[in-house]
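Encoded as structure tokens, the structure appears first; notes follow it.
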Amino acid sequence: MIISLDMSSDTPIYVQLRNQIVTGIGRGELRAGESLPSVRQMARDAGVNTMTVNKTYQILKAEGFIEIDRRKGATVLPAGQAEGRFREKLEAELELLSAEACLKGMEKDEFLGICEAMFASMHPAESEG
């Protein structure tokens, strides 16, 4: 998986990094049980501070996408159930995206078609264990 960060974006680097890792897991580019690079290695590869990567990994751990073990490092967790907190976040983000699409003149069918296409492109992979 190749990480590409936009240093001029208004989106914080740790959020961009988090989003790309989550997307990589969702697309099956990162499999359950697969190790992520060490904090130092990821920071070197992405050209960012180690504290930025550490913050990203802690967020991913709190959200249930990875686990962190002192000996094994960070590994991808299997896909889980959507719990209440995630559903609330999803609804809030979809409400904002829906409002923006509506205000820009997008038709409901086009918006839903884009949502369906994005969802269909996700293929989280289980570990090969």
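The values are calculated or read from the model by the stated rules, or taken from the named source; none is laboratory data. Keep in mind that what you see is a predicted model, and the values were worked out from it rather than measured. Quick reminder, even Gly has a Cβ in these numbers, built from the backbone with ideal geometry, and neighbours come from all protein chains shown. When the accessible area is computed, the model is the full protein with side chains, heavy atoms only, and any ligands, DNA or RNA have been set aside. Shrake-Rupley method; radii C 1.70, N 1.55, O 1.52, S 1.80 Å.
Per-residue accessible area (protein heavy atoms, 1.4 Å probe) orders LYS108, LYS55 as LYS108, LYS55, starting from the largest. Residues whose amide H comes within less than 5 Å of that of LEU30, counting only those at least five positions distant or on another chain, are ILE25 (H built at 1.01 Å from N in the peptide plane). Segment ALA120..ALA62, full-extension length gain: 18.3 nm, with 0.36 nm per residue of separation and the alpha-carbon distance subtracted.
May I ask you to give the solvent-accessible area per residue for the chain, in square angstrom, as obtained with a 1.4 angstrom probe? Please list the in-between numbers first.
On the way: 9290 Å² over 129 residues.
Result: 72 Å² of accessible area for each residue.
Apolar share of the accessible surface for region 69-127: 59 percent from carbon plus sulfur atoms, 1.4 Å probe. Distances between placed amide hydrogens fall under 5 Å for ILE66 paired with LYS61, LEU77, all partners being 5 or more residues away or on another chain.
Taking the Cα atoms only, what angle lies between the long axis of helix 84-103 and the longest principal axis of the chain, rounded to 10 degrees? Approximately 50 degrees, to the nearest 10.
The simple Förster model, with R0 at 30 Å and r as the Cβ-Cβ distance, assigns SER9 and LYS108 a FRET efficiency of 0.55.
Note down the relative contact order for the chain as a percent, whole number, built from C-alpha pairs under 8 angstrom at least six residues apart.
Details: 122 pairs, mean separation 42.9, N = 129.
RCO, the chain: 33 percent.
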